[in-house]
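Structure, as C-alpha cells:
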Amino acid sequence: LDKKVRQNIWEDNNYINYKKMSENLAIVRSRLNTPLTYAEKILYSHLDDPHGQDIQRGTSYLKLRPDRVACQDATAQMAILQFMSAGMDAVANPTTVHCDHLIEAQIGGEKDLARAIEINKEVYDFLATACAKYNIGFWRPGSGIIHQIILENYAFPGGLLIGTDSHTPNGGGLGMAAIGVGGADAVDVMANLPWELKAPKVIGVKLTGQMSGWTTPKDIILKVADILTVKGGTGAIVEYHGPGTETLSATGQATICNMGAEIGATTSLFNFNQGMYDYLAATKRKDIGDFARAYSKELRADEGAEYDQLIEINLSELEPHINGPFTPDLGTPISKFSQAVKDNGWPEELKVGLIGSCTNSSYEDMSRAASIARDALDHGLKAKSGFTVTPGSEQIRATVERDGQLKTFEEFGGMVLANACGPCIGQWDRRDVPKGTANSIISSYNRNFTGRNDGNPATHSFVASPDMVVALTIAGSLHFNPLTDKLKDKDGNEFMLKPPTGDGLPSRGYDPGNDTYQAPPKDRSAVTVAVSPTSDRLQILSPFDPWDGKDAKDLPILIKAQGKTTTDHISMAGPWLKYRGHLDNISNNMLIGATNEANGKANEVKNYSTGEWGAVPAVARDYKAKGIKWVVIGDWNYGEGSSREHAALEPRHLGGLAIITRSFARIHETNLKKQGMLPLTFSDPADYDKIRPEDRIDLLTTQLEVGKPLPMIVHPADGSAPFEIKLSHTFNEPQLEWFKNGSALNTMAKASRS
Ligand code: SF4
C-alpha cells in the first residue's frame with residue numbers, strides 16, 4: 001500500500017495515500033469495534049485526529065482532511081476572493097477551478113462559447129490569474145462541467161473531495177466521498193484548516209436484479225427520490241450496494257450519486273466495483289484501478305455493517321420514471337405517466353427535450369440516446385419538439401463527434417450546446433415560448449424547481465433518463481410511452497421504437513478534444529491577480545463587523561417566508577450569476593423569490609420604519625442604513641437547493657442577524673454560520689404559526705450557548721402580551737467563535753495574526 005500512485009495525470013506531487021488511510025482506519029476500528037459502512041470508512045480514514053475524534057453518527061462533528069477541492073466558476077469567484085483575504089501564497093490542498101456556469105445557451109456550442117468568453121472576460125481573467133497565482137488547476141471555458149471533469153480526471157475510490165457545487169456527489173460513481181459545500185468551507189481546506197462535517201447517518205440502498213430495455217441508472221435515482229423525497233436524505237450519506245451494483249457502469253453510478261443531491265443527501269456513493277475499474281482504465285488511470293484493487297477490502301462496507309435506513313430496489317422490476325413538474329421527488333412510472341398528465345392538467349404538448357448536463361452525458365448515455373434517434377430517422381422521423389444536447393465535457397463532445405452520435409443528433413434536429421451548464425442553470429435564451437405561458441419541457445438533468453431552466457414560472461419541467469427524453473421528443477407529447485405505444489413512420493405505417501442500445505465505454509478510447517487545461521506555472525511569484533477597482537462584477541471583500549456582545553431587541557421581521565424557500569429564492573441564479581464576485585451588486589437579488597406570508601407575493605414587504613411597501617433588498621438596505629438589524633422567518637428545509645454561499649452572504653451584508661426556520665438544508669445552515677449569522681430553528685415547529693410578519697422580536701443572544709435553546713421574545717403587532725418562544729441551534733464551540741468574531745474568515749485571520 002505504500003506505492004506512489006498519483007491522484008491524476010495532471011499533478012506531479014499529489015499522491016493517493018491508501019497507507020495513511022488504512023492506518024487511520026485501524027485506529028478508529030480499535031476504538032469503535034463494530035463493522036463499518038463504506039461511507040464511514042472513507043470519512044474516518046480522513047479524520048484529522050483519529051485517536052481523539054468523538055464519533056457518533058448523526059451527532060458528532062467530524063474534523064476531516066479532504067484530498068481535494070473543486071470549485072465551479074460561479075462559486076469560485078467568492079471562494080477565491082475569500083481565500084485571498086487569508087493572506088497565503090498558495091492553496092494548501094490540491095484544488096481545481098472549472099468554467100462551466102457562465103455560458104448561456106442561445107444558438108449553439110461554438111458561438112455561445114465565444115460570446116461567453118467575451119462577456120465574462122474579466123471574471124475568466126480573474127480566475128485564470130488567481131489560479132496561476134495560488135497554484136490551482138484551471139479548466140478553461142469550453143472544457144466542460146465540473147462534475148464530469150472531476151469524474152474523468154480526479155475522482156478515485158476511497159478519496160474525499162469537497163466541491164463548491166451541490167452536485168459534487170457525482171464523484172461517488174468512482175467510489176469517492178464527494179461532498180457539496182459552500183465556498184467558505186472550500187476556503188478552509190484551501191487554507192489547511194480541517195473541514196468540519198456533522199457525522200452523517202448512512203442510508204443503504206440495496207440493488208438486486210438487473211436492468212434491461214428502457215430502464216437506466218437514472219431511473220434508480222428517480223425512484224429513490226420518489227421514496228425518500230427532497231428531505232429524506234438530509235444529514236445522511238446514501239450508500240448503494242448489493243449484487244445489482246455489479247452490472248452498472250461507473251458513469252451510470254455517477255448519475256445516481258449526482259442526483260442524490262435532490263433528496264438532500266450529504267453525498268451518495270457506491271462500493272468500489274468492476275465498473276469503476278473499467279472506467280479508470282479507460283480514462284488513463286489503470287494504475288489507480290490496480291492500486292484500489294490492492295486496497296479493495298477497505299473500499300467497501302464491512303460484512304454486517306448497519307444502515308440507519310435500508311431501501312431495496314429490484315432492478316429487474318424497475319420501470320422508467322418521469323419526475324416532476326416543479327420538484328424532483330414527484331416520481332411517476334412511465335406506465336402511469338399519461339394518466340397523471342391528464343389528471344393534473346399538465347400541458348400535454350412537449351415543447352423541448354434536453355439531454356446531457358453533468359448528470360447524464362456519458363458515452364453510454366449519448367450512445368443509447370443516439371440509437372433511439374437513429375431508429376426514428378430510419379423511419380423518416382425527426383424530433384417533433386425542440387431538442388438540445390449538452391455534452392458534459394470536451395472529451396465527451398470530441399468522442400461522440402468522432403463516433404457519429406453528435407451527427408445523428410443534428411440530423412434528428414438537435415442543437416448541440418456548449419460543454420457547460422447552459423439551460424440546467426437558467427443560462428438559456430429561450431425564445432419558443434413567451435414568459436408566463438404554461439408549457440412542458442423534459443430534460444435528463446437533475447433539478448427542476450420552478451423557473452430554474454428558463455426563468456418562466458409556468459414552465460412544467462420534468463426530469464427523466466436521456467432515453468425517455470429522446471423518445472418523448474420524437475412523439476412531441478407527454479402521452480407517449482415508448483414501451484407500449486406505436487408511432488407512425490413517414491408513410492403512415494405504425495412501428496415501435498426499439499429499446500435503446502449503446503456501449504458503456506468507447507471501443508476506440510476517449511478522444512480528449514481541444515486542450516482546455518491551464519496548469520499553474522512553475523514560478524508563480526510574478527503573476528498578478530486581475531481585479532479592477534471599478535468592476536461591477538468583482539469586488540474585494542471587507543470583513544464583517546464582530547458581534548456587539550448585546551442582546552438584540554425590537555428587531556423587525558424582514559420577511560416571513562411561506563412554503564419552499566430554496567437558495568434559488570434567496571439568491572436567484574440566471575441573470576444574477578454574473579454578479580457572483582460582487583457582493584454588493586448581487587445583494588439586489590436577496591430573497592426576491594421568496595413568498596411573503598403577509599400578502600402572498602414575492603419581493604414585496606412592508607418597511608416597518610416607514611410603513612411603505614418595498615422590494616425585499618431595498619427594505620433591508622433601508623434598515624441597514626438606519627442601523628436596524630433584522631431577521632427572516634422561514635419554513636421547512638429553508639435553503640434547500642444549492643451550496644451557494646451568497647444566499648448567506650447577502651443577508652449578512654444587508655444587515656440581517658438571524659434566520660429562524662422550522663428546519664434548514666445542511667449546507668445553507670453551515671454557510672450562515674460561516675458568515676456570522678445565526679441559523680435558528682423553532683424548538684417546537686408549530687411556533688412558526690404563532691408569529692405574524694409585522695411582529696417584532698428580541699433575540700437574547702447573550703444567552704447563546706452550545707446545546708442550549710435560545711430564548712426569543714415575540715412582541716405581537718396587535719398589542720397583545722409578549723410571549724417567549726424557544727429556538728434551537730446546532731452551534732458548537734468553534735462555530736460560536738465565528739458568530740462572535742463576525743465570520744469564520746475573521747476568526748481565521750485573527751488566529752493567523754496571533
Ligand atoms: Fe451545471 Fe446543472 Fe450540473 Fe449544476 S446540475 S453543475 S448547473 S449541469
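Can you find even one residue in the stretch 588-599 that is β-branched (Val, Ile, Thr) and either in the same structural domain as GLY656 (by TED's automatic domain parsing) or not in a loop (DSSP other than H, G, I, E, B) (or both)?
To start, the set of residues in the stretch 588-599 that are β-branched (Val, Ile, Thr) comprises 592, 595.
Pick out the ones that are also either in the same structural domain as GLY656 (by TED's automatic domain parsing) or not in a loop (DSSP other than H, G, I, E, B) (or both) and you get 592, 595.
Checking the stretch 588-599: at least one residue is β-branched (Val, Ile, Thr) and either in the same structural domain as GLY656 (by TED's automatic domain parsing) or not in a loop (DSSP other than H, G, I, E, B) (or both).
Scan the stretch 572-630 for residues that are without any contact (Cβ under 8 Å) to a residue 24 or more places away in the chain and among the charged types (D, E, K, R) and jot them down.
Residues satisfying the conditions are LYS601, GLU604, GLU612, ASP622, LYS626.
Every residue in the stretch 54-76 that is surrounded by 19 or more Cβ atoms within 10 Å (Cβ to Cβ) and either in the same structural domain as PHE731 (by TED's automatic domain parsing) or small (Gly, Ala, Ser) (or both), please.
ALA70, ALA74, ALA76
Quick one: would you say GLU737 is surrounded by fewer than 20 Cβ atoms within 10 Å (Cβ to Cβ), in contact with a helix residue (DSSP H, G or I) (Cβ under 6 Å, 6 or more places away or on another chain) and in the same structural domain as LEU678 (by TED's automatic domain parsing)?
On the way: surrounded by fewer than 20 Cβ atoms within 10 Å (Cβ to Cβ): yes; in contact with a helix residue (DSSP H, G or I) (Cβ under 6 Å, 6 or more places away or on another chain): yes; in the same structural domain as LEU678 (by TED's automatic domain parsing): yes.
Against the criterion (surrounded by fewer than 20 Cβ atoms within 10 Å (Cβ to Cβ), in contact with a helix residue (DSSP H, G or I) (Cβ under 6 Å, 6 or more places away or on another chain) and in the same structural domain as LEU678 (by TED's automatic domain parsing)), GLU737 qualifies.
Could you run through the stretch 483-540 and say how many residues are outside any loop (DSSP other than H, G, I, E, B) and of a type outside the set (S, T, N, Q)?
6
Of GLY171, GLY180, GLY108, which residue is farther than 28 Å from LYS286 by Cβ, under 15 Å from the mean Cα position of the chain (by Cα) and in the same structural domain as ALA236 (by TED's automatic domain parsing)?
Numbers: GLY171 fails: farther than 28 Å from LYS286 by Cβ; GLY108 fails: under 15 Å from the mean Cα position of the chain (by Cα).
Just a single option satisfies the conditions, and that option is GLY180.
For GLY158, work out the one condition from (1) within 14 Å of the ligand (Cβ to nearest atom); (2) not in a helix (DSSP H, G or I) it doesn't fulfil.
GLY158 satisfies every listed condition except (1).
Only residues that are surrounded by 15 or more Cβ atoms within 10 Å (Cβ to Cβ) and either within 19 Å of SER249 (Cβ to Cβ) or assigned by TED's automatic domain parsing to the domain that holds SER362 (or both): list them for the stretch 297-316, please.
Selection gives LEU299, ARG300, ILE313, LEU315.
Confirm whether GLY142 is at positive phi and either among the hydroxyl-bearing types (Ser, Thr, Tyr) or within 22 Å of the chain's Cα centre (by Cα) (or both). Steps first, answer last, please.
Values: at positive phi: yes; either among the hydroxyl-bearing types (Ser, Thr, Tyr) or within 22 Å of the chain's Cα centre (by Cα) (or both): yes.
Here the answer is yes, as GLY142 does meet what is asked.
Please go through the stretch 429-476 and give me each residue that is buried (at least 24 other Cβ atoms within 10 Å of the Cβ), assigned to a helix (DSSP H, G or I) and away from the ligand (no atom under 15 Å from the Cβ), ordered by number.
Matches in the stretch 429-476: ASP467, MET468, VAL470, ALA471, LEU472, THR473, ILE474.
Taking the options ALA281, ALA236, ALA225, name whichever one is surrounded by 24 or more Cβ atoms within 10 Å (Cβ to Cβ) and touching a Gly at 6+ places or on another chain (Cβ under 7 Å). Break it down stepwise before answering.
Numbers: ALA281 fails: surrounded by 24 or more Cβ atoms within 10 Å (Cβ to Cβ); ALA236 fails: touching a Gly at 6+ places or on another chain (Cβ under 7 Å).
That would be ALA225, the only listed residue that is surrounded by 24 or more Cβ atoms within 10 Å (Cβ to Cβ) and touching a Gly at 6+ places or on another chain (Cβ under 7 Å).
Check off (1) surrounded by 17 or more Cβ atoms within 10 Å (Cβ to Cβ); (2) not assigned by TED's automatic domain parsing to the domain that holds SER465 for ASN323 and give me the number that stays unchecked.
The single condition ASN323 does not satisfy is (2).
Considering ILE288, ILE237, which residue is assigned by TED's automatic domain parsing to the domain that holds ILE220, closer than 21 Å to PRO157 by Cα, more than 16 Å from the ligand (Cβ to nearest atom) and part of a helix (DSSP H, G or I)?
Details: ILE237 fails: part of a helix (DSSP H, G or I).
Just a single option satisfies the conditions, and that option is ILE288.
Would you call HIS147 at pLDDT 95 or above and within 15 Å of the ligand (Cβ to nearest atom)? Steps first, please.
Numbers: at pLDDT 95 or above: yes; within 15 Å of the ligand (Cβ to nearest atom): yes.
So HIS147 fits the description; yes.
Please list, ordered by residue number, the strands (runs of 3 or more DSSP E) wholly in the stretch 42-138 having 3 or more residues that are under 22 Å from ASP165 (Cβ atoms), within 16 Å of the ligand (Cβ to nearest atom) and among the β-branched types (Val, Ile, Thr).
Values: elements: 61-64, 68-72, 95-98.
Result: empty, no element qualifies.
Answer yes if at least one residue in the stretch 651-663 is at pLDDT below 95, closer than 28 Å to GLN539 by Cα, β-branched (Val, Ile, Thr) and buried (at least 24 other Cβ atoms within 10 Å of the Cβ), and no otherwise. Let's see the steps before the verdict.
First, the residues of the stretch 651-663 that are at pLDDT below 95: none.
For the stretch 651-663, residues at pLDDT below 95, closer than 28 Å to GLN539 by Cα, β-branched (Val, Ile, Thr) and buried (at least 24 other Cβ atoms within 10 Å of the Cβ): absent.
Taking the stretch 406-424 on its own, how many of its residues are of a type in the set (Gly, Ala, Ser), over 10 Å from SER357 (Cβ atoms) and either surrounded by 24 or more Cβ atoms within 10 Å (Cβ to Cβ) or near the ligand (Cβ under 9 Å from one of its atoms) (or both)? Quick ask: steps written out before the conclusion?
Residues of the stretch 406-424 that are of a type in the set (Gly, Ala, Ser), as a first pass: 413-414, 418, 420, 422.
Next, from what is left, pick out any that are over 10 Å from SER357 (Cβ atoms): 413-414, 418.
If we keep only those that are either surrounded by 24 or more Cβ atoms within 10 Å (Cβ to Cβ) or near the ligand (Cβ under 9 Å from one of its atoms) (or both) too, we end up with 414, 418.
Number satisfying all stated conditions: 2.
Do we find a residue being in a strand (DSSP E or B), among the aliphatic types (A, V, I, L, M) and in contact (Cβ under 8 Å) with a residue 12 or more places away in the chain anywhere in the stretch 142-151? Step through it out loud before you land on a result.
Taking the stretch 142-151 and keeping what is in a strand (DSSP E or B), we get 144.
Narrowing further to those that are among the aliphatic types (A, V, I, L, M): none.
Within the stretch 142-151 (the criterion being in a strand (DSSP E or B), among the aliphatic types (A, V, I, L, M) and in contact (Cβ under 8 Å) with a residue 12 or more places away in the chain), the answer is no, since none of the residues qualifies.
Could you grab me the full set of residues in the stretch 18-53 that are more than 20 Å from ALA236 (Cβ to Cβ) and either surrounded by 21 or more Cβ atoms within 10 Å (Cβ to Cβ) or in contact (Cβ under 8 Å) with a residue 40 or more places away in the chain (or both)? Full working, then the answer.
To start, the set of residues in the stretch 18-53 that are more than 20 Å from ALA236 (Cβ to Cβ) comprises 18-27, 29-31, 33, 48-52.
TYR18, MET21, SER22, ASN24, LEU25, ASP48 - these are the residues of the stretch 18-53 that are more than 20 Å from ALA236 (Cβ to Cβ) and either surrounded by 21 or more Cβ atoms within 10 Å (Cβ to Cβ) or in contact (Cβ under 8 Å) with a residue 40 or more places away in the chain (or both).
Tell me, which residue of the stretch 626-650 that is away from the ligand (no atom under 16 Å from the Cβ) and of a type in the set (Gly, Ala, Ser) is surrounded by the most Cβ atoms within 10 Å (Cβ to Cβ)? Steps first, answer last, please.
So in the stretch 626-650, the residues away from the ligand (no atom under 16 Å from the Cβ) come out as 626-639, 648-650.
Within this subset, residues satisfying the condition of being of a type in the set (Gly, Ala, Ser) are 627, 634, 639, 648.
Details: GLY627: 7, GLY634: 29, GLY639: 29, ALA648: 31.
The selected residue is ALA648.
Scan the stretch 571-584 and give yes if some residue there is over 28 Å from LEU127 (Cα atoms) and outside any loop (DSSP other than H, G, I, E, B), otherwise no.
Keep residues of the stretch 571-584 that are over 28 Å from LEU127 (Cα atoms), which gives none.
There is no residue in the stretch 571-584 that is over 28 Å from LEU127 (Cα atoms) and outside any loop (DSSP other than H, G, I, E, B).
Just to be sure, is LEU538 touching a His at 6+ places or on another chain (Cβ under 7 Å), in contact (Cβ under 8 Å) with a residue 40 or more places away in the chain and within 29 Å of SER166 (Cβ to Cβ)?
Numbers: touching a His at 6+ places or on another chain (Cβ under 7 Å): yes; in contact (Cβ under 8 Å) with a residue 40 or more places away in the chain: yes; within 29 Å of SER166 (Cβ to Cβ): yes.
Against the criterion (touching a His at 6+ places or on another chain (Cβ under 7 Å), in contact (Cβ under 8 Å) with a residue 40 or more places away in the chain and within 29 Å of SER166 (Cβ to Cβ)), LEU538 qualifies.
Between residues in the stretch 710-722 that are acidic (Asp, Glu) and residues that are not in a strand (DSSP E or B), which pairs lie under 9 Å by C-beta distance while being six or more apart or on different chains?
Cβ pairs passing all conditions: ASP718/ARG692; ASP718/GLU694; ASP718/ASP695.
Just give me the residues in the stretch 530-561 being under 24 Å from HIS582 (Cβ atoms) and small (Gly, Ala, Ser), in sequence order.
Residues satisfying the conditions are ALA530, SER532, SER535, SER542.
If only one of ALA282, ALA265, ALA294, ALA254 is aliphatic (A, V, I, L, M), outside the structural domain of TRP636 (by TED's automatic domain parsing), farther than 27 Å from PRO482 by Cβ and within 16 Å of the ligand (Cβ to nearest atom), which one is it?
Details: ALA282 fails: within 16 Å of the ligand (Cβ to nearest atom); ALA294 fails: within 16 Å of the ligand (Cβ to nearest atom); ALA254 fails: farther than 27 Å from PRO482 by Cβ.
One residue alone meets the criteria, ALA265.
With respect to LEU472, is the statement that it is within 27 Å of THR332 (Cβ to Cβ) and either within 20 Å of the chain's Cα centre (by Cα) or modelled with pLDDT of 95 or more (or both) true? Break it down into steps so the answer makes sense when it comes.
On the way: within 27 Å of THR332 (Cβ to Cβ): yes; either within 20 Å of the chain's Cα centre (by Cα) or modelled with pLDDT of 95 or more (or both): yes.
Spelling it out, LEU472 is indeed within 27 Å of THR332 (Cβ to Cβ) and either within 20 Å of the chain's Cα centre (by Cα) or modelled with pLDDT of 95 or more (or both).
Within the stretch 344-394, how many residues are in a helix (DSSP H, G or I) and more than 16 Å from the ligand (Cβ to nearest atom)?
Keep residues of the stretch 344-394 that are in a helix (DSSP H, G or I), which gives 344, 363-378, 394.
Add one more test, that the residue is more than 16 Å from the ligand (Cβ to nearest atom), and what stays is 344, 363-364, 367-378.
So the count comes out to 15.
Does SER249 satisfy being within 16 Å of the ligand (Cβ to nearest atom) and within 23 Å of the chain's Cα centre (by Cα)? Please lay out each step first, then the result.
Working: within 16 Å of the ligand (Cβ to nearest atom): no; within 23 Å of the chain's Cα centre (by Cα): yes.
The answer is no for SER249.
The values are calculated or read from the model by the stated rules, or taken from the named source; none is laboratory data. Computed from a prediction, not measured in an experiment: that's the story for all the values here. We place every Cβ from the backbone using ideal geometry, glycine too, and count neighbours over all the protein chains shown.
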